[in-house]
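Q: Supplied in structure tokens, the structure appears directly below.
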Amino acid sequence: MTCFDAQSLLSRRRDGALAAAEATALETHLAGCPDCVRWTSWLDRASRAVSAALAVELSAELAAEVLELAQHLVATRK
Ligand SMILES: [Zn+2]
């Protein structure tokens, strides 16, 4: 397995789309390839950063909804 193969398998593993034989071959490659281990850790950090960014975006969206609801309540208060 080349590093390119391993890295494409790593991406697919994140999506949970790896066959058992592929996962085993990947683990074997990772055991002897520090470069791909570094890539794995980078991928994990990048993925967490994206999740965090999405969480912030969702919070901002939620805040906008709450504000809109508050304004609606104020506008319709009798
Ligand atoms: Zn490699």
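No value in this document is a laboratory result; all are computed from the given coordinates. Predicted model, so just to flag it, every value in this text is computed and none were measured. Every residue, glycine among them, receives a Cβ derived from its backbone with ideal geometry; neighbour counts consider all protein chains shown.
Q: Can you give the local net charge around residue 26? Use residues other than it whose beta-carbon is closer than 14 angstrom to its beta-carbon, Lys and Arg +1, Asp and Glu -1. Please list the in-between numbers first.
A: Working: positive: 12, 13, 14; negative: 5, 15, 22, 27, 35.
That works out to -2.
Q: Another one. Full-extension gain between residue 57 and residue 74, please, as 0.36 nm times their residue separation minus the C-alpha to C-alpha distance. List each step's numbers first, then the result.
A: Working: separation 17, 0.36 × 17 = 6.12 nm, distance 2.58 nm.
Full extension from residue 57 to residue 74 adds 3.5 nm.
Q: Also, quick follow-up: Please report the net charge: other residues with Cβ closer than 11 Å to the Cβ of residue 43, K and R +1, D and E -1.
A: +4
Q: Let me ask something else. To the nearest 10 degrees, how steep is helix 3-14 against the longest Cα principal axis of the chain, on a 0 to 90 scale?
A: So the helix axis and the longest Cα principal axis differ by about 40 degrees.
Q: Oh, and also: At q = 0.14, 0.24, 0.26, 0.28 Å⁻¹, what is the base-10 log of I(q)/I(0) for the chain according to the Debye formula with one equal point scatterer per Cα and no solvent? Please give it to two decimals.
A: Evaluating at q = 0.14, 0.24, 0.26, 0.28 Å⁻¹ gives log10 I(q)/I(0) of -0.59, -1.04, -1.13, -1.22.
Q: Further question: Expressed as an acute angle from 0 to 90° and rounded to the nearest 10, what is the orientation of the C-alpha long axis of helix 34-76 relative to the principal long axis of the chain?
A: Roughly 10 degrees between the two axes.
Q: Helix-derived [θ] at 222 nm for the chain: sum -39500 (n - 2.57) over DSSP H runs of at least 4, divide by residue count, nearest 500? Spell out each step's value before the answer.
A: Numbers: 3 runs with 67 residues, N = 78.
Estimated from H runs of four or more residues: -30000 deg cm²/dmol.
Q: Cβ neighbours within 10 Å, averaged per peptide: list 17-29, 61-73 in order, most packed at the top.
A: So the order, starting with the most tightly packed, is 17-29, 61-73.
Q: If the rule is a partner Cβ under 4.7 Å, which cysteines in the chain fail it?
A: Cysteines of the chain left without a disulfide-compatible partner: 3.
Q: Give, rounded to the nearest 20 debye, the magnitude of the charge dipole that the chain has about its Cα centre when Lys and Arg contribute +1 at Cβ and Asp and Glu contribute -1 at Cβ.
A: In total the dipole reaches around 260 debye.
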